[in-house]
Amino acid sequence: MRVLVIGSGGREHALCRSLSLDPQVTDLHCAPGNAGVQQVATTHPVTATDPAEVTALAVRLGADLVVVGPEAPLVAGVGDAVRAAGIPVFGPSAEAAMIEGSKAFAKEVMAAAGVPTARSRTCATPEEAAAALAEFGAPYVVKDDGLAAGKGVVVTGSLEAALEHAASCERVVIEEFLDGPEVSLFALCDGRDAVPLRPAQDFKRAYDGDEGPNTGGMGAYTPLPWAPDGLTEQVMREVVRPTIAELGRRGLPYRGVLFVGLALTAKGPKVIEFNARFGDPETQVILDRLATPLGGLLLGCATGTLGAADELAWHDGSAVTVVVAAENYPGEPVKGDVITGLEPTGDAYVIHAGTALADGQVVSAGGRVLSVVGTGPDQASARASAYDLVARVKLRGSHYRTDIAR
C-alpha cells in the first residue's frame, strides 16, 4: 500500500511513524512534513489546504490511500477533491468536517441526535453574548464558532475577559461550564461502523497546575486507570453512534476519526467538543500503544469496510507524552533556534511537531516544537522515561509542563 499523509505537525509524525511500522505500507509519503517526518517518509512541499495541489500529488504518486491529518485541509475540501479523483481518503468531507469547523453546527447535530452536552447559546452580537453569559454564569465558557487551532476557547471567571474574547470572534458559542475530569476518546468511522481507540487525557493549559492560557495541548497519557468501567462502551452508545447516524441521515457519511472531548460530570459523560481529526498530542500516546497495524484500519475507514476489522490489539503498559514548546508559546513563538538532544533512549523517543531542517541542523519552526513520548509497564515509569529524555533536549527559551500525568 502506498500512503500519502497530509500535514506537518506532531500528529502527522506520529501517524507516519505508526504507518512506517505497518508491513502492508510499502511506500510512505508526507506533504509537507517536518524534520522528524523525513526520517520515516518522503516529504513533498505542497500547500496542505490546497485541494488541487494535494490531489495532483496523490495522483502523481499513485497513492492507494490519502490520510488528511489537520482540520484546516478537511474543512477546505481537500478530502473531497482527492476522493473525486478516485483515491480513498481517510478524513471526512468538508461538510461533515463542519462538526469541528463550526461549534454551532456541532451543537445542532448533537441536539438532533440526543447526545449529552452542555446547554449553549450561539451569539453573533455583543448583546447576545452578554445575555448568554448572564444566563449561564461563571465560570464562563466562550468558544469561537470557527477553526482556531485548539486555542479558540476561553474558560474564565472574569466577565470582562469573556466579553473580550466574544467580541474578538465573528460568532461564538457560549455554554454552561461542565465540571469534572476531561477525557479524549477517538473513534475510527467508515460511514456506518465505528471502532473506539483507547481513551487518553490531554493537558490544555500552558503551565503547571493547569495555569495560564489554553494551548493546543501540552501533554497527554494513556491508559486512564481511574476511568469508570464501561466508559468507552457508554460513549460509543450515547455519543459516537448517534452522531454518525445523524450525519448519515443528512447525507454526510462520516469517514475518518471522530474525536470526542468529554467531561465526566456528576450526571455522566457530556461532550465538550468534537474534532474531525486525530487530537494532538493524544495521538502520540494512543498510537504508541496500538498493536493493530494502522494502515489497514485507515483504509477500512476510507473504503467503508471497517466493519470487517478484527478487534483492536493493544500493547501492555502506559505511554506519556510531554510537549516542549518554543519561547513565548502560546503567543507568537520564537523560531529558528537549533535543537539538540533528540536521540531516543531505551524507553522514550521524540515526535517532531514544529521543526525544520536548516543547514543540516534541526531548528524550531512552530509553537509546540516537540512531543517527547515515554513508555513503561505503568504510568509512573512511562512518565519518568519521558521526562528523562525531555531533560536531554536543548532548545533555547523553550518551556514545558512538569506535571503531565503526575
Exercise. For the subset of the stretch 178-189 comprising residues that are hydrophobic (A, V, I, L, M, F, W, C) and modelled with pLDDT of 90 or more, which member is farthest from residue 205 (Cα to Cα)?
Worked result: 189
Problem set entry | Residues of the stretch 205-264 satisfying the condition of being assigned to a loop (DSSP other than H, G, I, E, B), touching a residue at least 12 places away in the same chain (Cβ under 8 Å) and small (Gly, Ala, Ser) | 216, 217, 227
Problem set entry | Residue ID - surrounded by the fewest Cβ atoms within 10 Å (Cβ to Cβ), chosen from residues in the stretch 172-214 that are in contact with a Ser or Thr (Cβ under 7 Å, 6 or more places away or on another chain) and more than 26 Å from residue 403 (Cβ to Cβ) | 196
Seminar exercise, completed: The number of residues in the stretch 11-53 that are in contact (Cβ under 8 Å) with a residue 24 or more places away in the chain, open to solvent by 50 Å² or more (accessible area, probe 1.4 Å) and assigned to a helix (DSSP H, G or I) is 3
Exercise. Looking at the stretch 361-383, which of the residues that are hydroxyl-bearing (Ser, Thr, Tyr) and within 30 Å of residue 317 (Cα to Cα) is farthest from the chain's Cα centre (by Cα)?
Worked result: 381
Exercise. Which ones in the stretch 99-145 are within 23 Å of the chain's Cα centre (by Cα) and either under 16 Å from residue 214 (Cα atoms) or among the charged types (D, E, K, R) (or both)?
Worked result: 100, 103, 107, 108, 141, 142, 143, 144, 145
Exercise. Just wondering, is there one or more residues in the stretch 240-247 that are within 28 Å of residue 317 (Cβ to Cβ), modelled with pLDDT of 95 or more and among the polar types (S, T, N, Q)?
Worked result: no
Exercise. Considering the stretch 110-135 alone, what residues qualify as being touching a strand residue (DSSP E or B) at 6+ places or on another chain (Cβ under 8 Å), assigned to a helix (DSSP H, G or I) and open to solvent by less than 30 Å² (accessible area, probe 1.4 Å)?
Worked result: 110, 129, 132, 133
For this session: Go through the stretch 75-100 and give me each residue that's in a helix (DSSP H, G or I), in contact with a strand residue (DSSP E or B) (Cβ under 7 Å, 6 or more places away or on another chain) and at pLDDT 95 or above.
Result: 78, 79, 82, 83
Seminar exercise, completed: Among the residues of the stretch 315-347, the number that are within 21 Å of the chain's Cα centre (by Cα) and surrounded by 15 or more Cβ atoms within 10 Å (Cβ to Cβ) is 12
For this session: Answer yes or no as to whether residue 180 is under 20 Å from the mean Cα position of the chain (by Cα), outside any strand (DSSP E or B) and in contact (Cβ under 8 Å) with a residue 12 or more places away in the chain.
Result: no
Problem set entry | Flag for residue 80 being in contact with a Lys or Arg (Cβ under 6 Å, 6 or more places away or on another chain) and open to solvent by 30 Å² or more (accessible area, probe 1.4 Å) | no
Exercise. Which residue out of 142, 154 is under 25 Å from residue 277 (Cβ atoms), touching a helix residue (DSSP H, G or I) at 6+ places or on another chain (Cβ under 6 Å), surrounded by 16 or more Cβ atoms within 10 Å (Cβ to Cβ) and free of Cβ contacts under 8 Å to residues at least 40 places away in the same chain?
Worked result: 142
For this session: Could you please give the count of residues in the stretch 367-385 that are surrounded by fewer than 24 Cβ atoms within 10 Å (Cβ to Cβ) and within 20 Å of residue 17 (Cα to Cα)?
Result: 3
Exercise. Going through the stretch 299-314 one residue at a time, which ones are open to solvent by 60 Å² or more (accessible area, probe 1.4 Å), closer than 26 Å to residue 85 by Cβ and at pLDDT below 95?
Worked result: 305, 308
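The values are calculated or read from the model by the stated rules, or taken from the named source; none is laboratory data. None of the values given here were measured: they were computed from a predicted structure. All Cβ positions, even for glycine, are placed from backbone atoms using ideal geometry, and neighbour counts span all protein chains on display. Surface accessibility is based on the protein's heavy atoms, side chains included, excluding ligands, DNA and RNA. Shrake-Rupley method; radii C 1.70, N 1.55, O 1.52, S 1.80 Å.
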